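Every read-out reported here was derived from the displayed coordinates using simple, explicitly stated rules and does not represent laboratory data. What you see is a predicted model; the values in this text were computed from it and never measured. Please note: Cβ atoms are built from the backbone with ideal geometry, for glycine as well, and neighbour counts cover all protein chains shown.
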Amino acid sequence: MTQQASLVALQERIAAVNDVLNAASVLTWDSRTMMPAGGAETRGHQIATLTRLARDLLLASETESALEEAERALEGLAEDSAERRMVQQTRHAVDHHKRVPASLIQERAALRTVAQAAWIEARSKSDFSIFSPYLAKTVALSRTYADCIGWSEHPYDAMVSIYEPGETAASLKSLFKELRAGLLPILDTARSRPQPRSDFLFRDYPEEGQRAFGLSLAEKLGYDLQRGRLDTTVHPFEVSFTRNDVRITTRYNQNYLPASMFGTAHEVGHGLYEQGVDPAYTRTTLATDLVGLYAVGGTSFGAHESQSRLWENHIVRSRTFWHRHFPELQKHFPDQLGDVSAEEFYLAVTRVEPGFIRVEADELTYDFHIMLRSDIECALMDGKLPVAELPEAWNAAIRRDLDLIVPNDAKGVLQDVHWSTGYIGSFPTYTIGNVMGAQVMETLRRQKPSLDAAIEAGQYSALAEELRSRIWRHGRRFMRDELLERETGRRLNPAPYLAYLRGKYAA
Ligand code: ZN
């Protein structure tokens, strides 16, 4: 077979996998935006069946022979060519899934159903002991899972590799050490300042006005509504069904304006990444997470988060942005914001206020919530922290980092859904996103001095173009650190992020 023919044969197999996973994503999107609550149980089965079908297609003998043929035929191509990467990544995923027995997947899925119910009850009663036995089982199954996938230094490495390939318990430990040391003095300075006025954020903001402004914001940032749409949900997310249909969602809080506004900017960042993937990669391995069995064009969870944080925090949560665009927001809400200046608005949406809840955290304290969770996951995986002692460890970390006393488990260890769904290992990707976003932005500003003038003028297409050509178009071709080395000259490094936060919150 020629190189071309062997690749086509493999791509046909992967295109089918991608189609099935996109269908599962449509069902997920529907379940989180439109579906009546009664559909939850059967919908869970439907999504599980499609995911299993995708795995079966990937592990079928026809895929294996197409893969072997392509491996032989493409051997001579450059190691980092898109074609070779498609083949290598498919091989990696096939090997991964072969190591995980179907019985373990079923066991994890069955546990997820009961664990989520227990978590909901535990949270409503603020009683960790109700959830604790299920979390203990989740940890035990995660260890079995990690052993199947394989690890050498730490079992957490295997779990993290699913979301953020290349990252390990050890690399995270050193990243967090540097971050903590850098963040604490910035937080001290920020906390020593008087709080700005923020009463106007809590006024009455009808949903129609919030939605209209959100849509204009999305378009301003370059999100293509011909290939996307904005819907309402409880826990906002972005999902793509190929680059030509990339959906975002938001949540409107009538008495707190920033929630939907910055939430929309965040999801737009995710959406831009997906809309910007090279069209040639559509329905290929380079737009499919074949290990996680999820149709996505971004190269890792952290890389994806870097783009959402970049647009949300570096662009929209900036003084420049509000000094330019605040009058537009005022037009939508003349009564609510008539007595507020652009500077007052900026100060209010960047105020630092340590709290208990991760999803409500400000930009400066957010990473403490993540580092705490990641440290706990790591200690759960190697058995250093028994599940029963989790609330104690949690509360001690919140006290140490944020100087707050956690009043109850609902506001502490029970606040996030992640562990009840069997997911261990995804938390670090949020902080990796913050670090990577700042690193990319620092390089762009240094290499393209004209960019700042464009941003100040309210023109965001130049920034989008840079990000498209440097990051988005590559889809999953390059690993995160490979991408960072190509574009910023070094691997993930927290220095630009700390410098950015220092300038914004401690200058
Ligand atoms: Zn995100």
Between THR250 and residues 5 or more places away or on another chain, which pairs have amide H atoms under 5 Å apart, with H built 1.01 Å from N, and which residues are they?
ASP231, THR232, THR233
Around SER306, under 13 Å between beta carbons, what's the net of Lys plus Arg minus Asp minus Glu among the other residues?
-3
So the FRET efficiency between SER198 and SER61, C-beta based with R0 = 45 Å and rounded to 0.05, is 0.15
Among DSSP beta bridges whose residues both lie in the range 207-302, state the antiparallel percentage, nearest 5.
45
Helix-only mean residue ellipticity at 222 nm, the chain, DSSP H runs n ≥ 4 weighted -39,500 (n - 2.57), per residue, nearest 500. What is it?
-20500 deg cm²/dmol
Cβ charges +1 (Lys, Arg) and -1 (Asp, Glu), total dipole of the range 341-397, debye
180
Contact order relative to length for the chain, counting C-alpha pairs under 8 Å separated by 6 or more residues, stands in percent at 20
Taking every DSSP bridge whose two residues both lie in the chain, the antiparallel percent to the nearest 5 is 45
Here the membrane-span-like helices of the chain, with no claim about any membrane, defined by DSSP H, Cα axial extent at least 20 Å and mean Kyte-Doolittle at least 0.5, are 128-149
Taking all pairs of distinct Cα atoms, average 1/r, flip it, and tell me the Kirkwood hydrodynamic radius of the range 405-481 in Å to one decimal place.
15.8
Mind sorting TRP311, TRP419, TRP151, TRP394 by how few other Cβ atoms lie within 10 Å of their own Cβ, fewest first?
TRP151, TRP394, TRP419, TRP311
Percent of Cα-Cα pairs per 5 Å bin, from 0 to the last occupied bin, for the range 308-415, please list those.
2, 11, 17, 17, 12, 11, 9, 9, 5, 4, 2, 0
Along the charge dipole of the chain, pointing to its positive end and built from +1/-1 on Cβ of Lys, Arg, Asp and Glu, which listed residue (TRP472, PRO279, ALA146) has its Cα farthest out?
TRP472
In what sequence, highest mean first, do 188-199, 23-34, 289-300 appear when ranked by Cβ atoms within 10 angstrom?
289-300, 23-34, 188-199
q = 0.20, 0.21 Å⁻¹: log10 I(q)/I(0) that the Debye formula gives for the range 1-118, counting C-alpha atoms only
-1.07, -1.13
dims of the chain, Cα set, principal axes, largest to smallest, nearest Å -> 70, 53, 46
Counting only GluC sites (Glu not before Pro) that sit in a DSSP loop (anything but H, G, I, E, B) with at most 13 other Cβ atoms within 10 Å, what is the longest stretch of the chain containing none of them?
154-507
Packing-based order for 332-339, 133-140, 92-99, using average beta carbon neighbours within 10 Å, highest first
133-140, 92-99, 332-339
What pairs from LYS220/LYS331; LYS125/LYS384; LYS384/LYS411; LYS411/LYS504 go past 21 Å between their alpha carbons?
LYS125/LYS384; LYS384/LYS411; LYS411/LYS504
Using a cut-off of 15 Å between beta-carbons, work out the net charge of the residues near TYR460 (Lys and Arg +1, Asp and Glu -1, TYR460 not included).
-2
